[in-house]
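**Q** Let me begin by handing over the structure; questions about it come next.
All of the numbers you see were taken from the coordinates with simple rules; none came from a lab. As the structure is a prediction and not an experimental result, all values here were calculated from the model. Virtual Cβ from ideal backbone geometry, glycine too; neighbours counted across all protein chains shown.
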Amino acid sequence: MRLRLPAERPTEPPTGYKIAHPVLSQDGTRAGFTGVSLGGALPYGVVADASCVYGLRHRPPHRRCDCGFHCVHDRAAAEALLCADDHRTAVLLEVSVLGAYIRFERGFRYARQRVRVVTVGPCACGARASALVDAGWGLVGWRALAPCCGGCLRGRTSLSPAGFARLAGDGVRVCVRAVGGGGGASTGPGGVTAVGAADGMGVPELVAEAALLQARLDWFQAQLARLRERGSGSASGERNS
């Protein structure tokens, strides 16, 4: 006798959580994500259909395969994955599970998804992130991005959270987690502040863009000050000789 899983027909798409690395296309016109394990070589957008990473001609999620998108039910379980060394620069995604799916004890394996919310963690130095910068690795045609504060930008290719949301499109929201769970008036539950949306530039988006521009200006001013000091030192040395 062949056992069958019970069929589910939810009135609205289930919600799941996962982690991924944000990526930026080589020409800087598109933004998306890449997984941290199975299928990590296949970047995907905000709305995407899964494909079999083994190249088999069946529709994900196949019962006898590992193909399909993966997510967990519990947000805390997804956040725990960010503690692993290889995942420290990843972001947390809140997704809508679309199409066919298989439910497991801890999560889903499914055919289609929509990324609704992206939560960006702190910079590697521990400060609150104000941008996503070139992480120093990537895939063919795609640069991986990592959270970064204004003080650590140092002229690297960067994108504000609002800019990432705009390039990713499809109504995705990008939020920045406040360090230590704190925050100002615009901070929501869990110390997370919404700073990006794809439907135009509002006040939060403009504030984020201004913070990024200010951080770049501070970096350039610091470099100019160093060059002036070198120039002054060289000039005084020539006079003394």
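**Q** Just to be sure I understand the curve: with the Debye formula and one point per C-alpha of region 16-134, what is log10 I(q)/I(0) at q = 0.14, 0.18 Å⁻¹?
**A** The Debye formula, applied to the Cα set alone, gives -0.59, -0.96.
**Q** Can you compute the label reach from VAL47? Point 7 Å from Cα along the Cβ direction, backbone N cut-off under 20 Å, restricted to region 88-111.
**A** 93-101, 110-111
**Q** Another question, then. To two decimal places, what compactness ratio does region 56-190 give when its Cα radius of gyration is scaled by 2.2 N^0.38 Å?
**A** 1.17
**Q** Can you list the residues, at least 5 places off or on another chain, whose amide H is less than 5 Å from the amide H of ALA131, using H built in the peptide plane?
**A** Result for ALA131 returns CYS148.
**Q** State the Kirkwood hydrodynamic radius of region 103-142 in Å, one decimal place, computed from all pairs of distinct Cα atoms.
**A** 14.0 Å
**Q** Please compute the length gained on full extension between LEU139 and ARG64, using 0.36 nm multiplied by the number of residues separating them and subtracting their Cα-Cα distance.
**A** Length gained, LEU139 through ARG64: 24.1 nm.
**Q** Listing ILE19, ILE102 from the residue with the fewest other Cβ atoms within 10 Å to the one with the most, what is the order?
**A** Least crowded to most crowded, the residues run ILE102, ILE19.
**Q** Exposure proxy check: GLU94, GLU8, GLU105 ranked by fewest other beta carbons within 10 Å?
**A** GLU105, GLU8, GLU94
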